[in-house]
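What follows is a single structure, written as structure tokens, with notes after it.
The values are calculated or read from the model by the stated rules, or taken from the named source; none is laboratory data. Predicted, not measured: the structure shown is a model, and the values here were computed from it. Cβ placement follows ideal geometry from the backbone for every residue including glycine, while neighbour counts extend to all protein chains displayed.
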Amino acid sequence: MTAAAITQENRKTVALTIALAVLGVFVTYVPITSVSVSLTTIGAQTGASTADLQWVTDGYIIPMAAMILSAGVFGDLHGRRRVYLIGMALTVLGATVAALAGTLDGADAIHLLWAGQAITGAGAGLLLPTTLALIAHAVPNLRDRARFVAMWATGLVLGLAVGPLLSGVILQHAGWGWVFVPTALLALLAGAVAALRLPESKSPEGRHLDWPGQITATIAIAASIFGVIEGGQSGWGSPQALIGLIAGGVALVVFIAVELRSTSPILNVALFRIPAFSASGFSALIALFALVGTIFLLSLFFGGAQQLSPLDIGVRLLFINGVTALVNPFVGRLLARFQPIAVLAFGLALGAFAMVLLTGMEADTGFGGAAWRLSVLGVADAFMLSAVAVSAIHAVPHRLAGMAAAANTVLRQYGGALGPAVLGVILTSRIAGGADMASALHTALIVNAVLLLLAAVACTVTARRAA
């Protein structure tokens with residue numbers, strides 16, 4: 001075979017790898033928003049409470065966050081192609097189980113839906129870091145790689161944007177169980193192509209699994225979120241809430257102790273001594289807390305207070321994620337010219353402003369009044385989501401970049417799991433106290449605004465010290 005033929009073959013392999021990586025991250029994020037716009041329908045048809053519906057969302061995000069820390073090590077040791085295939089297989093299985101839940105009624109439907117979401121979330125946790133690792137292996141040149149990572153980020157945002165539209169169209173013609181079918185089909189397609197054409201890659205040197213760290217991190221994430229949800233549902237002094245919060249706190253302390261002593265820690269806690277990394281991590285948690293939590297709240301508000309159809313809800317949410325996808329390339333160019341931590345600070349401040357603007361929405365607010373407010377949040381999200389990972393990676397030595405990216409991703413996903421839990425508690429508590437849906441929404445949005453502003457101040461202080 002000639003050199004030209006080899007080069008052409010390599011190009012085809014790289015193109016296929018990039019395509020599968022982008023499709024992989026797209027598949028992991030479609031379920032987040034496709035389920036969000038279906039919550040009102042699911043609740044109405046099953047009698048599920050707000051806490052039950054929170055677990056539909058968190059049942060996906062918690063396993064996703066828990067698997068991320070180890071997924072990279074799994075890929076290095078056993079092969080990224082293999083981990084990709086396992087992730088897609090779990091996604092197909094989980095989405096199928098969730099779809100079958102739509103054939104049941106009441107609590108049986110909700111419990112089976114939780115199981116399906118947990119399985120799909122575990123698959124997503126394997127896919128999210130593996131898709132980035134596939135790009136890094138296929139494109140060693142840093143400048144070229146940055147372009148493809150931006151493409152990967154666009155796939156993520158498009159998944160968030162397309163999910164509500166898919167569900168909206170489906171729910172006009174079929175039951176809610178069918179909203180999980182597109183995810184299953186896409187994952188089946190991606191898995192089949194990867195099984196046939198994706199080359200294997202490994203980097204086992206010096207890597208081994210940190211099981212004590214993985215187990216304690218998983219308990220800390222799951223237990224703490226369980227405690228928050230049960231605290232809002234059953235009272236903060238209830239046994240369920242206390243057990244969850246105490247177990248989560250103890251697991252976190254044990255995790256830190258284990259990682260400090262580990263010869264190959266899954267997370268080097270010394271990274272948090274770097275101000276820019278700590279500020280980026282805090283911002284990652286807050287940004288996804290606000291974004292996923294706000295989408296959860298808006299889905300309930302549009303469906304409950306405004307009585308909109310799932311498709312109408314999906315069209316409105318497109319002004320968040322669609323605008324984010326359009327603005328992402330512009331933010332990428334800014335990140336090449338300015339300090340990433342400074343760009344992140346601007347995005348967080350704009351996000352806080354957007355939350356204040358959204359408090360102007362009432363039960364009778366029309367399409368235009370919602371669209372322009374949601375668009376401002378979409379612009380803010382483009383700055384936050386693009387800058388937060390770059391800020392974390394730039395803050396650490398190059399040899400720790402992979403660990404920094406994984407840690408930042410875990411914090412993002414933990415924030416995404418915590419958002420619906422905490423904000424859902426605020427919403428239900430205000431409604432239980434006699435407030436209407438709009439007023440309860442406004443309270444939760446103000447909490448978001450304050451948190452985003454705190455994160456913006458932290459990043460601004462860090463940027464000024466580094467200047």
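For the reader, a short list of remarks on this structure follows.
- Test: residue in region 315-326 that is closer than 19 Å to Met151 by Cα and surrounded by fewer than 18 Cβ atoms within 10 Å (Cβ to Cβ): yes
- Boolean, Ala190 is assigned by TED's automatic domain parsing to the domain that holds Tyr84, buried (at least 17 other Cβ atoms within 10 Å of the Cβ), at pLDDT 90 or above and at negative phi: yes
- Residue satisfying all of: in region 230-263; farther than 30 Å from Gly433 by Cβ and modelled with pLDDT under 85; surrounded by the fewest Cβ atoms within 10 Å (Cβ to Cβ) among these: Thr263
- The set of residues from region 347-365 being surrounded by fewer than 19 Cβ atoms within 10 Å (Cβ to Cβ) and assigned to a loop (DSSP other than H, G, I, E, B) comprises Thr359, Gly360, Glu362, Ala363, Asp364, Thr365.
- Within this structure, Ala66 fails the test of being more than 28 Å from Val193 (Cβ to Cβ), of a type in the set (Gly, Ala, Ser) and out of contact with any Cys (no Cβ under 6 Å at 6 or more places or on another chain).
- Just one residue in the set Val376, Val327, Val388, Val323 is hydrophobic (A, V, I, L, M, F, W, C), without any contact (Cβ under 8 Å) to a residue 40 or more places away in the chain and closer than 19 Å to Leu160 by Cα; that residue is Val376.
Matching residues to (1) out of contact with any Leu (no Cβ under 9 Å at 6 or more places or on another chain); (2) surrounded by 19 or more Cβ atoms within 10 Å (Cβ to Cβ):
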position	(1), (2)
Ala404	no, yes
Gly419	no, yes
Val425	yes, yes
Arg430	no, no
Ala444	no, yes
Asn448	no, yes
Cys459	no, yes
Ala463	no, yes
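- Some residue of region 338-345 being among the small types (Gly, Ala, Ser), assigned by TED's automatic domain parsing to the domain that holds Thr460 and within 16 Å of Ala276 (Cα to Cα): yes
- None of Phe367, Phe319 is more than 24 Å from the chain's Cα centre (by Cα) and closer than 30 Å to Ala44 by Cα except Phe367.
- Among the residues examined, Ser429 does not qualify as touching a helix residue (DSSP H, G or I) at 6+ places or on another chain (Cβ under 7 Å), assigned by TED's automatic domain parsing to the domain that holds Phe301 and free of Cβ contacts under 8 Å to residues at least 12 places away in the same chain.
- Residue that is farthest from Gly213 (Cα to Cα), among those in region 72-96 that are surrounded by fewer than 24 Cβ atoms within 10 Å (Cβ to Cβ) and of a type in the set (Gly, Ala, Ser): Ala89
- Inspection of region 53-69 identifies no residue that is surrounded by fewer than 24 Cβ atoms within 10 Å (Cβ to Cβ) and either in the same structural domain as Ser234 (by TED's automatic domain parsing) or more than 30 Å from Ser264 (Cα to Cα) (or both).
- Region 47-58 residues that are at positive phi, paired with ones that are buried (at least 20 other Cβ atoms within 10 Å of the Cβ) (beta carbon under 9 Å, 6 or more apart): Gly47/Ile110
- So Gly281, is it closer than 18 Å to Val379 by Cα and in contact (Cβ under 8 Å) with a residue 12 or more places away in the chain: no
- Every residue from region 268-299 that is surrounded by fewer than 22 Cβ atoms within 10 Å (Cβ to Cβ) and under 21 Å from the mean Cα position of the chain (by Cα): Ser278, Phe282
- Among the residues here, Leu326 does not qualify as at pLDDT 90 or above and under 24 Å from Ile295 (Cα atoms).
- Test: residue in region 395-413 that is assigned to a loop (DSSP other than H, G, I, E, B), without any contact (Cβ under 8 Å) to a residue 24 or more places away in the chain, among the hydrophobic types (A, V, I, L, M, F, W, C) and outside the structural domain of Leu53 (by TED's automatic domain parsing): no
- Hey, Ile266 among the aliphatic types (A, V, I, L, M), modelled with pLDDT under 85 and in contact with a Leu (Cβ under 8 Å, 6 or more places away or on another chain) or not: yes
- Residue check, Asp76 of a type in the set (Asp, Glu), out of contact with any Pro (no Cβ under 8 Å at 6 or more places or on another chain) and either in contact (Cβ under 8 Å) with a residue 24 or more places away in the chain or farther than 26 Å from Thr46 by Cα (or both): no
- Any hit, region 450-460, residues being modelled with pLDDT under 85, part of a helix (DSSP H, G or I) and not small (Gly, Ala, Ser): no
- Any chance Met88 is of a type outside the set (Gly, Ala, Ser) and closer than 26 Å to Val269 by Cα: no
- Listed conditions (1) part of a helix (DSSP H, G or I); (2) buried (at least 17 other Cβ atoms within 10 Å of the Cβ) are all met by Gly368, apart from (2).
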